[in-house]
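The values are calculated or read from the model by the stated rules, or taken from the named source; none is laboratory data. If you're wondering where the values come from, they're calculated on a predicted model, not measured in any experiment. Virtual Cβ from ideal backbone geometry, glycine too; neighbours counted across all protein chains shown. All accessible areas refer to the heavy atoms of the entire protein, side chains included, with ligands and DNA or RNA removed. Shrake-Rupley method; radii C 1.70, N 1.55, O 1.52, S 1.80 Å.
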Amino acid sequence: PAVTSPCKILKCNSEFWAATSGSHHVGAEEAPEFCTALRAYAHCTRRTARTCRGDLAYHSAVHGIDDLMVQHNCSKDGPTSQPRLRTLPPGDSQERSDSPEICHYEKSFHKHSATPNYTHCGLFGDPHLRTFTDTFQTCKVQGAWPLIDNNYLNVQVTNTPVLPGSSATATSKLTIIFKSFQECVDQKVYQAEMDELPAAFVDGSKNGGDKHGASSLKITEKVSGQHIEIQAKYIGTTIVVRQVGRYLTFAVRMPEEVVNAVEDRDSQGLYLCLRGCPLNQQIDFQTIRSAQATEGHARRKGPSLPAPPEAFTYETATAKCREKLPVEDLYFQSCVFDLLTTGDVNFMLAAYYAFEDVKMLHSNKDKLHLYERTRVLTPGNTAPTGTHPTLWVALLCLCWLCLL
């Protein structure tokens, strides 16, 4: 079974959010109830302090509690029951409509020029990666890996084994850090884990904080516990996070200008959405899939691995994936591969929803389907489709000798 974190900070965050109805702007008559909920929040974080010591969301929550205590003149001593405060009427600070122009990417940066060029990155399944340059890879990448790292936000995923002894992994944890930006938003951290897909940031808020343009960053819950969407209008970015079965999927739409906003260009190659997975972490699932089809049974990625919970043959996996993915592109092939590898039918749904997110987020409708897997050789260089990397290097050497 996949390993889950013993840190329960997300539960503390959710309880505080439920108790306060999302409002940090309380009137004088509600201040005692708010302080009571805040003390309960602090008590909850103390209970989980030992297991959360290295968790970024935990430390963010602790600092947030201290700030709120000062802002609302709350005493640290007193009752800690959690009464529910009144829900604020429409038009509260969570939905400010008077954000300054600088907090709307298209209005501020492209007022007198063409529409910005948007790019897409997605991660789903066991895990399959579609990069900002539309390359498609299947990777191992067990443990924590950076997906995005630029001047505006960081995204990190943690992948854990799907079955004991298997190299098949899937995303069990996701952390997104939106960095403080001018008069628009305060720094905000979003964190999701298996069976915990909050509809709020770790501090319990649903927008960018107390700044004038706070509504340019907000979270919307599409399906409770299964699908959330984060709009970051100040950087023209949309993020979709889903829980499908036990695991998480990630998809983002981001302007190229934001993608490439990195102070240290040398570090750009470190994150997966831009450069793809390292060569030693990539898996040629098409070769394995061909072997599985030829042999007529589900082979695993490693030798002598335990059998999956449900045994799929190549024929039954193909039939199951065709129910949701009628076009036999790389999303379809990923679906077949995941069913053969894990035996978990939820991976079919992960591939299906990943493609649905592509349809919503990708700016070029001619590139929705991908048919040929691309393998990255070195940062900034991609092997031509269908060319073996070793042969490609040999050809380059031969051309160089000819020039001499």
| Going by the conditions given, is ILE65 over 23 Å from the mean Cα position of the chain (by Cα), of a type outside the set (D, E, K, R) and at pLDDT 70 or above? | yes
| field | Per-region count, segment 190-202, residues modelled with pLDDT of 95 or more and either among the β-branched types (Val, Ile, Thr) or touching a Pro at 6+ places or on another chain (Cβ under 9 Å) (or both) | value | 3
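From the residues in segment 225-264 that are β-branched (Val, Ile, Thr) and farther than 21 Å from ASP149 by Cβ, which one is farthest from the chain's Cα centre (by Cα)?
Narrowing segment 225-264 to residues β-branched (Val, Ile, Thr): 228, 230, 235, 237-241, 244, 249, 252, 258-259, 262.
The next check asks that each one be farther than 21 Å from ASP149 by Cβ; those that pass are 228, 244.
On the way: ILE228: 11, VAL244: 13 Å.
Looking at the filtered set, the residue picked out is VAL244.
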| said: As an exercise: evaluate LEU403 against (1) open to solvent by 70 Å² or more (accessible area, probe 1.4 Å); (2) at pLDDT 90 or above and give the number of the one condition it does not meet. | reply: (2)
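Name the residue, out of VAL185, VAL162, that is open to solvent by less than 40 Å² (accessible area, probe 1.4 Å), under 19 Å from ALA61 (Cβ atoms) and modelled with pLDDT under 95. Don't jump to the end; show me each part of the working.
Numbers: VAL162 fails: under 19 Å from ALA61 (Cβ atoms).
Answer to the selection: VAL185.
Suppose we keep only residues that are aliphatic (A, V, I, L, M) and open to solvent by 60 Å² or more (accessible area, probe 1.4 Å) within segment 1-35. Which one would you say is modelled with the highest pLDDT?
Residues of segment 1-35 aliphatic (A, V, I, L, M): 2-3, 9-10, 18-19, 26, 28, 31.
Checking which are open to solvent by 60 Å² or more (accessible area, probe 1.4 Å) leaves us with 3, 28.
Working: VAL3: 44, ALA28: 49.
Out of the qualifying residues, it is ALA28.
Being open to solvent by 10 Å² or more (accessible area, probe 1.4 Å) and either assigned to a loop (DSSP other than H, G, I, E, B) or out of contact with any helix residue (DSSP H, G or I) (no Cβ under 7 Å at 6 or more places or on another chain) (or both) is the filter here, so list the residues in segment 145-159 that pass it.
First pass over segment 145-159, keeping only residues open to solvent by 10 Å² or more (accessible area, probe 1.4 Å): 145-146, 149, 151-152, 154, 156, 158.
Residues satisfying the conditions are ASN151, TYR152, ASN154, GLN156, THR158.
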| request: Could you please let me know if THR138 is touching a residue at least 24 places away in the same chain (Cβ under 8 Å), outside any loop (DSSP other than H, G, I, E, B) and out of contact with any helix residue (DSSP H, G or I) (no Cβ under 9 Å at 6 or more places or on another chain)? | output: no
| Restricting segment 205-224 to residues that are more than 19 Å from the chain's Cα centre (by Cα) and assigned to a loop (DSSP other than H, G, I, E, B), which is surrounded by the fewest Cβ atoms within 10 Å (Cβ to Cβ)? | ASP210
| task | Give segment 50-69 a look and list any residue that's open to solvent by less than 30 Å² (accessible area, probe 1.4 Å) and without any contact (Cβ under 8 Å) to a residue 40 or more places away in the chain, or say none. | result | ILE65, MET69
| field | Within segment 294-336, considering residues that are among the small types (Gly, Ala, Ser) and either open to solvent by less than 40 Å² (accessible area, probe 1.4 Å) or modelled with pLDDT of 90 or more (or both), the one farthest from the chain's Cα centre (by Cα) | value | GLY296
